[in-house]
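The values are calculated or read from the model by the stated rules, or taken from the named source; none is laboratory data. Bear in mind the structure is a predicted one, so any value in this text is a computation, not a measurement. Cβ coordinates were reconstructed from backbone atoms using ideal geometry, including for glycine residues, and neighbour counts include every protein chain displayed.
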Amino acid sequence: MHTPRTRRRWRRPLSLLAATSLAAALLPASAAHAAPLCTVDYTVTNDWGSGFTADVTLTNHGPEVSPWSLGWDFPGSQQVTNAWNATATQSGASVTATAPAWSPGLATGQSASFGFQGTGSGAAPTEFTLNGTSCEDGGEEPGPEDGEIVVSPASVAVDPGGSASFDVHLSAAPEDDVAVAVERTSGSDTLSLTAGSALTFTADDWGEAQEVTVASSGNGEGEPAQAVFTVAAEGYDPVTVTVRERSGATNAYEAEFLEQYEKIKDPANGYFREFDGLLVPYHSVETLIVEAPDHGHATTSEAYSYYLWLEATYGRVTGDWEPFNAAWASMEAFIIPGTADQPTNASYDPSSPATYIAESTDPADYPMPLDQGVQVGQDPLADELSSTYGTDEVYGMHWLLDVDNTYGFGFCGDGTDDAPAYINTFQRGSNESVWETVPHPSCETFEHGGTNGYLDLFTDDSTYSEQWRYTNAPDADARAVQVAYQAHTWASEQGNEGAIADSVADAARMGDYLRYAMFDKYFKEVGDCVGPQACAPGSGRESAHYLMSWYYAWGGALGSAQYPWAWRIGGSSAHQGYQNVMAAYALSEVDALTPESPTGADDWGTSLDRQLEFLQWLQSADGGIAGGATNSWEGDYGQPPAGTPTFYGMFYDEKPVWHDPPSNRWFGFQVWDMERVAEYHRITGDERAGEILDAWVPWAIANTTVGADGEFAIPADMEWSGAPDTWTGTSTGNPGLRVEVVSHNQDVGIAAGLAKTLMHYAAATGDAQAREVAEGLLEALLHHQDDLGVAVPEVRADYQRFDDPYDSPDGGVYVPDGWTGTMPNGDVIDSDSTFASIRSFYEDDPDWPEVQAYLDGGPAPEFTYHRFWAQVDVATALAVHGELFG
């Protein structure tokens, strides 16, 4: 059994390599022996007898090489079938892995990591060559001039009056002891060395980090202090470290942001769980909460995107960008599936991306059969992405993690809680609410559930095999890109863009893969697509609608499968609330976020225009934005009602994808989308965005009230009537499309988002009323502070559905007659199951007695929730005011 680390892609830091790796060249020899030219960590991450996957880390101890090329001979008949982050060729038993085009060089002391999939057993090679020279034959032990001084990190932030540190070591063993001196060579004398000014490295400890401490006297005036410290030794090239004093708050609103930030990051407050030094955000502090995630200590890609937003804003206010990089590293480690999490992508055939399965509006129609007779289109992205990034993996977040292993699936069926587990819930069409779901692992090993795990609850097939599958929520990935753009902008204003360059480049890569959300689910032609057989398969961009759909997904066989396979799907339905013009703008117009693929920037440029048109088309006569559109009516390319208006041939859908409750009912989707439009308008002045906001903002303000002493009310639920006019390229004003706000609430996260929207609009237009309402909302929110953040009590009448059977008026969990299985904790799954019966752990929750009393006939329970995303929205709203208005 491999440890969870060996199953994840740990890209930063490199010290987190798997402990089970085989060291082919070991560590550099002592001074009495020849030094190795390189060391190689070769880790078999998965071995199923007929095939295997491996991760390789090469460290260069010799002079810089560019491009590098690593060679080895397999001990048996193994054959490389696919590689990522390197190009692999093979002749007989001999394999050569060469550097990817985007990172060809390998300096002294630098490491490069790549992976591959192969056939045969996972027996490891024992000898390696670097550019044709044996790794074990590096010649004489290098003198000081052949090595390097290594510092980490190269940029340090320190609080005024506080201290911070960086580490120093050598890249190779020296012949004689090396004296390293550290001194301030330029900048403010407010910053000084307090420890580590003189270091000594020997042949025995050259690779062990020694600490240098710098301190701020706190006596500087005006701009935050900055200085450069130089680390030097005779015979070595000097290395510099930039030390910046954290700037702190410059106004009262930024001070409030920092106060909220400290509450969110305080370990005692319970917003995060730590794994190996990285933080994973929970959906909420409280565990008993049921909405899209069905447990508070699950987490979502949405929460991760807000984690990035929190740390990007902290970087703007303080100048410290390490927390932002740490948030991105956590996202890569835990919610972006790594190499071994998606092992059979090399078997993916872009000309046949997935087998068609019709969707149904009734969960009781499931499992739905696979239909091999329906022709699907071609995936136009896969080959381009594989060529660009040197891997067949998909770089996107899965939407849902079980952080504490509450369900007990563990990582890929192992039952442990050493790492968050990929899970899923929604699987059975548009009318399956969270109250009707059966949780199941994304890595299906048949360890739990029934005979076929959970697969035959959802799909009807003749046979089932162990498999992996992931679902991406495009709004979360797009928000991550949006935040990376903000971070890049703010860091650049500080002259600190290099500190986050790697994370920003990763965001551009994420945006490249996010294009899967722009395509029809089965890559069929977009426009008047009716009938699964009649709707033509697309090629090239014929299947692109260029909007952000509700999801994209990918999956494949686990390594034990005799015949590896993989699939990918896009999404046919687009909701207005998922559109993100800020991400589209960044990925099409900003150099640092331009995707590396040949067509990525062009696709995002088209998407930017298409998204703006989409919002113009959906804007009601009242100002609110209606639901969306679909290329596959009711999920099976059905015939919509006569007269249904269209947008580029896609059919208007009042409630795309999600029907219980209707997806267009919640005001939050209005705010999330319009906040991006308002920010985009402020930055670019695009008149199309301005016209949308000129109608939306007065409508939102008219339905919002702000009183004294924390009293406020914002829209909660809406009802829609009529439909937009068919889109012909110009807005008609949609006189037949109307919206009515039918209820209000005090959702603190959405109130903060509304305040941000109004502030961006006010900054762009000078609208005094928008700013006044925004400031009133912020003042009201601050009246509702507690020890954990900002929150108000909520009455949860919907919690009566905990015990609802399937045939109840509201509906419950559907399990076909005769199907039986068990959850990992032993809870029985059968046709009598309810939401609560397959989640019996809720009975041990400290808040359960209030729910039980309600189920027994008492009043609806009232809870005060601290949702992670909502707390971040409040904190960042305060910071937006500080940025735009002081």
Of (1) assigned to a helix (DSSP H, G or I); (2) under 22 Å from PRO281 (Cα atoms), PHE863 fails just (1)
Going through region 333-360 in order, the residues found to be in contact with a strand residue (DSSP E or B) (Cβ under 8 Å, 6 or more places away or on another chain), over 15 Å from PHE458 (Cβ atoms) and β-branched (Val, Ile, Thr) are ILE335, THR339, THR344
Taking first residues from region 68-92 that are without any contact (Cβ under 8 Å) to a residue 12 or more places away in the chain and within 27 Å of ALA107 (Cα to Cα) and second residues anywhere that are assigned to a strand (DSSP E or B) and among the β-branched types (Val, Ile, Thr), the pairs with Cβ under 8 Å that are 6 or more apart or on different chains are THR89/VAL95; THR89/THR96; THR89/THR98; GLN90/VAL80; GLN90/THR96
The condition of being outside the structural domain of GLY857 (by TED's automatic domain parsing) and within 16 Å of ASP873 (Cβ to Cβ) holds, among GLY753, GLY776, only for GLY753
Q: Kindly check whether there is at least one residue in region 88-110 that is part of a strand (DSSP E or B), in contact with a helix residue (DSSP H, G or I) (Cβ under 8 Å, 6 or more places away or on another chain) and surrounded by fewer than 19 Cβ atoms within 10 Å (Cβ to Cβ).
A: no
Scanning region 644-687 for residues that are without any contact (Cβ under 8 Å) to a residue 40 or more places away in the chain and more than 25 Å from SER543 (Cβ to Cβ), the one farthest from the chain's Cα centre (by Cα) turns out to be GLU687
Is it the case, given these coordinates, that ASP177 is at pLDDT 90 or above, charged (D, E, K, R), over 38 Å from the mean Cα position of the chain (by Cα) and over 30 Å from LEU258 (Cα atoms)? yes
How many residues of region 303-329 are surrounded by fewer than 24 Cβ atoms within 10 Å (Cβ to Cβ), farther than 20 Å from GLU883 by Cβ and not polar (S, T, N, Q)? The answer is 3
Filtering region 150-173 down to residues that are outside any strand (DSSP E or B), closer than 17 Å to VAL231 by Cα and not aliphatic (A, V, I, L, M) yields PRO153, SER171
Just one listed residue, out of PRO735, PRO724, is over 17 Å from PHE667 (Cβ atoms), in contact with a helix residue (DSSP H, G or I) (Cβ under 7 Å, 6 or more places away or on another chain) and part of a loop (DSSP other than H, G, I, E, B), and it is PRO724
Selection from region 461-487 of residues out of contact with any Leu (no Cβ under 7 Å at 6 or more places or on another chain) and over 23 Å from LEU547 (Cβ atoms) yields SER462, THR463, SER465, ARG469, ALA487
Being closer than 30 Å to ALA797 by Cα and surrounded by fewer than 19 Cβ atoms within 10 Å (Cβ to Cβ), is that true of even one residue in region 221-241? no
Contact list, first residue from region 125-146 and modelled with pLDDT of 85 or more and hydroxyl-bearing (Ser, Thr, Tyr), second anywhere and surrounded by fewer than 17 Cβ atoms within 10 Å (Cβ to Cβ) and part of a loop (DSSP other than H, G, I, E, B), beta-carbon distance below 8 Å, six or more apart or interchain, is THR126/PRO75; SER134/GLU127
Within region 618-637, of all residues that are touching a Pro at 6+ places or on another chain (Cβ under 9 Å) and part of a strand (DSSP E or B), the one surrounded by the most Cβ atoms within 10 Å (Cβ to Cβ) is GLY628
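Conditions tested, residue by residue: (1) assigned to a loop (DSSP other than H, G, I, E, B); (2) surrounded by 14 or more Cβ atoms within 10 Å (Cβ to Cβ); (3) out of contact with any Gly (no Cβ under 9 Å at 6 or more places or on another chain).
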position: ASP817; (1), (2), (3): yes, no, yes
position: ASN825; (1), (2), (3): yes, no, no
position: SER831; (1), (2), (3): yes, yes, no
position: THR834; (1), (2), (3): yes, yes, no
position: ALA870; (1), (2), (3): no, yes, no
position: GLY886; (1), (2), (3): yes, no, yes
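Conditions (1) buried (at least 21 other Cβ atoms within 10 Å of the Cβ); (2) at pLDDT below 95; (3) farther than 23 Å from THR299 by Cβ; (4) among the polar types (S, T, N, Q), marked per residue:
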site: GLU497; (1), (2), (3), (4): no, yes, yes, no
site: ARG515; (1), (2), (3), (4): yes, no, yes, no
site: ASP520; (1), (2), (3), (4): yes, no, yes, no
site: GLN533; (1), (2), (3), (4): no, no, yes, yes
When region 577-591 is checked residue by residue, the ones that are over 14 Å from ALA476 (Cα atoms) and crowded, with 18+ Cβ neighbours inside 10 Å are TYR585, ALA586, LEU587, SER588
Considering only region 841-848, I want to know if a residue exists there that is surrounded by 13 or more Cβ atoms within 10 Å (Cβ to Cβ), part of a helix (DSSP H, G or I) and out of contact with any Ser or Thr (no Cβ under 8 Å at 6 or more places or on another chain).
yes
For region 660-672, the count of residues that are at pLDDT below 95 and outside any loop (DSSP other than H, G, I, E, B) equals 1
Going through region 624-652 in order, the residues found to be more than 18 Å from ALA544 (Cα to Cα) and touching a strand residue (DSSP E or B) at 6+ places or on another chain (Cβ under 8 Å) are GLY624, ILE625, ALA626, GLY627, GLN639, PRO640, THR644, PRO645
Kindly indicate whether any position in region 486-497 is more than 18 Å from the chain's Cα centre (by Cα), in contact (Cβ under 8 Å) with a residue 40 or more places away in the chain and outside the structural domain of PHE275 (by TED's automatic domain parsing). no
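Please go through region 647-659 and pick out each residue that is part of a strand (DSSP E or B) and closer than 21 Å to GLU359 by Cα.
MET650, PHE651, TYR652, ASP653, HIS659
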Regarding region 417-433, can at least one residue be identified that is surrounded by fewer than 23 Cβ atoms within 10 Å (Cβ to Cβ), in contact with a Lys or Arg (Cβ under 8 Å, 6 or more places away or on another chain), not small (Gly, Ala, Ser) and not in a loop (DSSP other than H, G, I, E, B)? yes
